[in-house]
Amino acid sequence: QVQLVESGGGLVQPGGSLRLSCTASGAVLDNYAIGWFRQAPGKERDGVACIATNGGRKHDEGSVEGRFTISRDNGANMVYLQMNDLKPEDTAVYYCATEPVCMGTRIQARPGYRNWGQGTQVTVSS
């Protein structure tokens, strides 16, 4: 029901960094756990990271663990994804979503979730 808006993507060199942001107009995000997802061309959408409502529990997908950091600032109504040491295989459209299902390194959207925004493009290339 809540429509999220992603920003902060761009074109970076391998090894570079980006900081993605997620927010929503007219909605309070601190009521929701938030997940970051990505979809590369021709691929299914995959979970990247998720964070609990108060930031107390966080999970990272295995391929990004140690490189990406999810965080949130509920006072600012924002959720972030800091991405370091970017690799070409990180190239994708990145989305955030409410109500992720997070189990360790396994992160999925809630079954039947359809409320995806436009996402933000991340391209890692020389």
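The values are calculated or read from the model by the stated rules, or taken from the named source; none is laboratory data. It should be emphasised that the depicted structure is a prediction, and the values quoted were computed from it without experimental measurement. Backbone-built Cβ (ideal geometry, glycine too); neighbour counts: all protein chains shown. Just the protein is used for accessible areas: all its heavy atoms, side chains included, with ligands, DNA and RNA removed. Shrake-Rupley method; radii C 1.70, N 1.55, O 1.52, S 1.80 Å.
Going by the structure shown, is Leu11 among the aliphatic types (A, V, I, L, M), open to solvent by 30 Å² or more (accessible area, probe 1.4 Å), part of a strand (DSSP E or B) and in contact (Cβ under 8 Å) with a residue 60 or more places away in the chain? Yes; evaluated as a whole, the condition is true for this residue. Checking Asn84, Asn31 one by one, the residue that is in contact with a Ser or Thr (Cβ under 9 Å, 6 or more places away or on another chain), in contact (Cβ under 8 Å) with a residue 40 or more places away in the chain and either surrounded by fewer than 16 Cβ atoms within 10 Å (Cβ to Cβ) or more than 20 Å from Val2 (Cα to Cα) (or both) is Asn84 and no other.
Would the range 64-72 turn up any residue that is touching a residue at least 12 places away in the same chain (Cβ under 8 Å), open to solvent by 20 Å² or more (accessible area, probe 1.4 Å) and of a type in the set (A, V, I, L, M)? No: zero hits. Do we have any residue at all in the range 93-100 that's open to solvent by 20 Å² or more (accessible area, probe 1.4 Å), part of a loop (DSSP other than H, G, I, E, B), acidic (Asp, Glu) and closer than 11 Å to Ile34 by Cα? For the range 93-100, residues open to solvent by 20 Å² or more (accessible area, probe 1.4 Å), part of a loop (DSSP other than H, G, I, E, B), acidic (Asp, Glu) and closer than 11 Å to Ile34 by Cα: present.
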